[in-house]
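Following: one structure in structure tokens, then a few remarks.
Every read-out reported here was derived from the displayed coordinates using simple, explicitly stated rules and does not represent laboratory data. Bear in mind the structure is a predicted one, so any value in this text is a computation, not a measurement. Here the Cβ positions follow ideal geometry from the backbone for every residue, glycine too, while neighbour counts run over all protein chains shown.
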Amino acid sequence: MNDTPRILMCPPDYYGIQYEINPWMNRSRPAAHAEACRQWEQLRRILADTGATIELLEPVPGLPDLVFTANAAMIYQQTAYLSRFRHPERQGEEPINARWFSEHGYRVERLPEGYYFEGAGDALFCGDTLYAGYRIRTDIRSHQYISRKTGRRVISLELVDPYYYHLDTCFCPLNHEAAVYYPAAFDSYGQRALRENIPLLVEVQPEEARHFACNAVVVGRRVVTNTGCARLHQELRRLGFEPVETPLSEFVKAGGSAKCLTLRLDGEDAAGWRREAKAADSVPAGLDSPSDTPHFDVPAADGNL
Amino acid sequence: MSGEQPARVSVDVEVSGHIIDSLILPKILDQILTRGGRFEIKSFQIGQQRDDPSYALIEVQADQWSKLDEILASIADHGAVPVNNLDCRLEAADLDGAFPEGFYATTNQRTEVRIDGQWIPVEDQEMDCGIVVDRQERKARCVAMADVKKGQWVVVGYNGVRVYPQERTAERHSEFEFMTSAVSTEKPKGVAIRRIATEMRQARSEGGRILVVAGPAVVHTGSGPHLCRLIRAGYVDVLFAGNALAAHDIEEALFGTSLGVRLDRGEIAEAGHEHHLRTINRIRRVGGIRRAVEQGLLARGIMFECVRHGVDFLLAGSIRDDGPLPEVITDVLEAQRLMRRKLRGVTFCLMLATTLHSIAVGNLLPAWVRVVCVDINPSTAIKLSDRGSIQTLGLVTDVEPFLRALVDELEISDC
């Protein structure tokens with residue numbers, strides 16, 4: 001398996017606030033297009049600087065949210081579990097995404113008709129477990145379906161605050177055992193499930209949550225977020241990460257930030273299955289099972305992690 | 001009557017996935033309880049390995065369907081879906097007069113069947129029938145076994161059928177709630193009669209039809225004139241009786257006796273035992289009760305008032321009937337069919353001193369029709385309740401003082 005991280009992005013050529021499908025969107029507060037392009041380009045550069053390969057999805061007129069590639073699909077090994085958007089405004093993105101994944105060597109898996117599932121926006125691996133948000137966009141039946149298909153444990157988390165309508169707006173795995181989260185976006189059961197299953201949880205304060213602190217892109221030790229998340233960055237540095245901030249205010253107007261603008265094509269660093277894939281890659285010919293210890297390109301768990 | 005216990009409805013739901021680690025199962029159970037429901041976990045399989053899903057089969061219970069629907073809607077969002085989320089199963093009747101094996105047997109409670117994902121109310125609700133569905137019209141109705149026709153679609157099994165237990169605490173009937181026991185032998189009759197009068201007035205003002213089912217004891221006890229007053233005052237829309245009530249009522253009109261006893265003096269008349277036969281014979285000779293009224297032969301009594309005031313009466317026969325009178329329907333199945341037709345729109349039923357007719361009519365009535373059963377023998381009301389007419393209020397008393405008091409209570413003063 002090639003270790004170079006690969007990230008899918010879509011240039012914001014046709015990005016804008018053309019409808020309102022979450023509380024952030026307001027057509028009377030349009031995004032400044034030139035500024036949005038500058039912010040997007042800067043994010044692309046920061047991610048490329050981490051050593052990641054940036055792949056581009058061609059923008060399509062009339063699909064302003066295609067820029068948020070996190071919602072295209074959930075990647076599991078070589079399968080793209082395509083999104084089925086709840087809002088008709090975004091359903092036009094589905095065929096574009098399907099074509100891109102099939103043209104790029106992914107097995108494309110569609111959920112059954114009538115299910116709602118919004119890709120990596122609502123489904124994030126942390127270790128061997130898939131954490132999945134439901135209620136506002138994705139429905140819980142999709143979790144059960146994906147669990148059956150992947151054989152992975154899925155922890156379903158109810159999202160209770162419409163401002164944090166996707167899981168990736170309030171939860172971000174940092175590695176196999178650590179994650180950032182904003183507790184108030186979950187009900188008490190979800191908060192408890194996270195506490196009981198993830199060894200290290202970094203709490204984000206409400207004002208930083210509103211700056212999309214949780215909507216971070218993690219590439220190795222680098223954690224890229226919107227500006228205005230100083231306390232989180234401080235905590236991340238203490239834990240051995242290298243936080244990077246970049247202004248993404250024009251995308252916050254549509255309810256998205258760094259993570260929403262990206263899709264990790266080779267699986268997030270925190271996904272346990274990448275470890276298995278690498279181990280399988282390193283098995284010498286003739287051996288049935290890996291005998292060596294897989295290596296990680298993420299910070300190893302120390303006393304704190 | 002089991003009025004003390006709240007009615008209960010339930011639906012089985014299932015939920016699967018990592019419902020323990022996600023705390024989805026406790027969340028669902030908590031939601032059921034906080035929304036006023038109850039639950040019973042019928043089956044539970046815990047995943048053996050960390051990645052294995054668990055499965056729970058839960059019976060969700062509530063006092064009424066509206067509450068249960070609310071609970072089901074709320075837990076559906078967390079992945080708990082009804083096991084029985086199915087349309088009713090239909091099978092074409094393969095012959096006339098019998099249902100397919102496994103047919104759904106009805107109760108007298110309000111029922112709905114699910115067709116193409118939608119709940120359709122069942123019409124002509126009646127116990128011990130089958131449900132026939134018209135797929136084009138999307139209609140369902142209760143049909144008696146003898147009346148099913150080959151090729152009709154009949155509901156089979158229990159899927160896609162739901163029953164609404166009669167709510168006993170509905171405000172409308174609160175006046176009856178003071179008598180929660182089925183048969184009141186030791187309750188103040190005055191209070192009961194006052195409240196029955198209120199119900200009758202209410203039924204009339206709401207446009208409901210009032211049915212009286214009466215036995216010959218109404219005539220023997222000298223209560224005929226009271227019933228006549230009820231009829232004249234418009235409190236009787238439908239009368240169901242047998243040959244005997246009509247025969248003795250007309251006997252009284254023609255001879256002044258009932259089963260040979262002079263009602264004014266209580267004495268047995270000379271050759272009085274022949275009076276009812278001569279009565280029936282005379283009516284048969286003129287071609288029936290209506291003709292007798294038209295010809296002036298019959299000029300008073302219950303049947304006379306029925307004809308004069310357009311009461312929709314039906315006389316059902318039995319094997320021990322003398323005659324019978326020409327209007328008596330001797331084919332019991334035909335009598336049942338006609339009774340069903342006449343019961344439409346009935347909201348209040350007064351059963352007076354008759355066991356067999358009361359039970360027969362009780363079998364045909366939906367549970368939401370208020371039934372008052374007056375009989376000197378407590379077993380009549382008990383039998384009615386035991387056979388499923390749980391809405392019955394039984395009054396154990398001689399019918400004459402009951403009717404006299406009821407007429408007074410209704411302030412009928414025209415005669």
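Footprinting exposure proxy ranking of A:Ser147, B:Ser66, B:Ser22, fewest other C-beta atoms within 10 angstrom first, gives B:Ser66, A:Ser147, B:Ser22. In order along segment A:257-264, the phi-based Karplus estimate (6.51 cos²θ - 1.76 cosθ + 1.60, θ = phi - 60°) of 3J(HN,Hα) comes to 8, 3, 5, 4, 7, 9, 9, 6 Hz; Gly and Pro are listed as x. For chain A, the 222 nm mean residue ellipticity estimated from helices alone, with every DSSP H stretch of n ≥ 4 adding -39500 (n - 2.57) and the total spread over all residues, rounds to -7500 deg cm²/dmol.
Our summary of shape: the Cα atoms of segment A:6-281 have principal axis extents of 43, 42, 38 Å, ordered from largest down, in whole angstrom.
Which whole-angstrom value gives the distance between the alpha carbon centres of segment A:53-125 and segment B:58-99? Their Cα centres are 36 Å away from one another.
For segment B:9-82, compute the orientation-averaged projected area of the C-alpha convex hull (one quarter of its surface), in nm². Write down the numbers at each step before the final one.
Values: hull surface 16.7 nm².
The directionally averaged projection comes out at 4.2 nm².
Quick one: Cα centre-to-centre distance for segment B:315-381 and segment B:288-305, in angstrom? Using only Cα atoms, the two centres lie 22 Å from each other.
Under 5 Å between amide hydrogens, built in the peptide plane, is the criterion, and for B:Ser22 it picks out A:Ser156 among residues at least 5 positions away or on other chains. Among the listed pairs B:Lys149/B:Lys383; A:Lys149/B:Lys67; A:Lys278/B:Lys27; A:Lys149/A:Lys278; B:Lys42/B:Lys67; B:Lys189/B:Lys383, give every one whose C-alpha distance is greater than 26 Å. The pairs that break the limit, which is 26 Å between Cα atoms, are B:Lys149/B:Lys383; A:Lys149/B:Lys67; A:Lys278/B:Lys27. Each semi-axis of the equivalent ellipsoid for segment B:226-374 is √(5λ) with λ an eigenvalue of the Cα gyration tensor; in descending order they amount to 26, 16, 16 Å. Antiparallel beta bridges, as assigned by DSSP with both residues in chain B, represent about 60 percent of the total such bridges.
Count the net charge of all other residues whose Cβ sits under 12 Å from the Cβ of A:Leu265, scoring Lys and Arg as +1 and Asp and Glu as -1. Present the calculation step by step, with values, prior to reporting the outcome.
Details: positive: A:Arg6, A:Arg264, A:Arg274; negative: A:Glu55, A:Asp266, A:Glu268.
Once all neighbours under 12 Å are counted, the net charge is 0.
Compactness of the protein assembly as shown is given as radius of gyration and Dmax, 38.5, 124 Å, from Cα positions. Peptides A:159-171, B:270-282, ordered by how many other C-beta atoms sit within 10 Å of their residues on average, highest first, read A:159-171, B:270-282. What does DSSP give for segment A:42-192 in terms of the percent of beta bridges that are antiparallel, rounded to the nearest 5? So the antiparallel bridges amount to about 60 percent of the total.
Once the gyration tensor of the Cα atoms in segment B:89-164 is diagonalised, the equivalent ellipsoid follows with semi-axes of 17, 14, 11 Å, ordered largest first. In segment B:171-409, the DSSP beta bridges split such that about 10 percent are antiparallel, to the nearest 5. So, how do all the Cα-to-Cα distances of chain B break down into 20 Å bins, in percent, from 0 on up? Here the calculated profile for chain B is 23, 46, 23, 7, 1. Exposure proxy ranking for B:Asp87, A:Asp139, B:Asp124, based on other Cβ atoms within 10 angstrom of each Cβ and starting from the fewest, stands as B:Asp87, B:Asp124, A:Asp139.
What ranking do B:Ile376, B:Ile289, B:Ile41 get, fewest neighbouring Cβ atoms within 10 angstrom at the top?
On the way: B:Ile376 15, B:Ile289 24, B:Ile41 11.
So the residues, fewest neighbours to most, are B:Ile41, B:Ile376, B:Ile289.
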